[in-house]
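Novice: Once you've had a glance at the structure underneath, I'll fire off some questions.
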Amino acid sequence: EVIEVRSIIGQLQQQLENEKLEYMSHLPLGIMIETPAAALTAGDLARRAAFFNVGTNNLIQYTYAADRVNPQVRAYLPAASPAVYRLVRFAVEAAAEARIPLCLCGEGAAQPALAEAYARLGVRAFSLPARELLEVKEYLMGVTL
């Protein structure tokens, strides 16, 4: 999929240049890391991406094979998960090695203690709902990494 999307982006860039829209011709390709397969192959993906965004909600769901919108199995989706933490670590290490930015979003970013754990892992950008932003920011500002 990454190779196919890269080809489509190349075609779009050429079209924009042909239309004299050079200022829009740089279209960076970022990759969402939301499945265990993506996390486990993050090293390969990082060589083809301008950035990573790690979606912890989907990563948790797919790691535990439980639908996060089904209230009957919601209890089986731990936000604080050693398995998910290890998968995120693969992405963080791959992004660092490839020198591409990485942002973490979802439950992992919205809970202060989890955000700290991921910050200790090397995550420096978090995307979270505005309602949790101040609490997480204040918490992280009190932490020494």
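Novice: Would you say GLY55 is within 20 Å of LEU104 (Cβ to Cβ) and surrounded by 15 or more Cβ atoms within 10 Å (Cβ to Cβ)?
Specialist: Criteria met by GLY55.
Novice: Now a separate question. Give the residue that is least open to solvent (accessible area, probe 1.4 Å), with candidates limited to residues of region 64-90 that are over 15 Å from ILE33 (Cα atoms) and in contact (Cβ under 8 Å) with a residue 24 or more places away in the chain.
Specialist: ALA79
Novice: I need the full set of residues from region 112-144 which are open to solvent by 70 Å² or more (accessible area, probe 1.4 Å) and either free of Cβ contacts under 8 Å to residues at least 12 places away in the same chain or of a type outside the set (Ser, Thr, Tyr) (or both), in order please.
Specialist: ARG120, ARG124, ALA130, ARG131, LEU133, LEU134, GLU135, LYS137, GLU138, MET141, THR144
Novice: Pairs under 6 Å by beta carbon, first residue open to solvent by less than 90 Å² (accessible area, probe 1.4 Å) in region 2-16, partner at pLDDT below 80 and part of a helix (DSSP H, G or I), six or more apart or different chains?
Specialist: Listed pairs, sorted by first residue: LEU16/MET24.
The values are calculated or read from the model by the stated rules, or taken from the named source; none is laboratory data. Just so you know, these numbers come straight off a predicted model, no measurement behind them. So basically every Cβ, Gly included, is an ideal-geometry build from the backbone, and we count neighbours across all protein chains shown. Side chains are part of the model used for accessible areas, which takes the heavy atoms of the whole protein and leaves out ligands, DNA and RNA. Shrake-Rupley method; radii C 1.70, N 1.55, O 1.52, S 1.80 Å.
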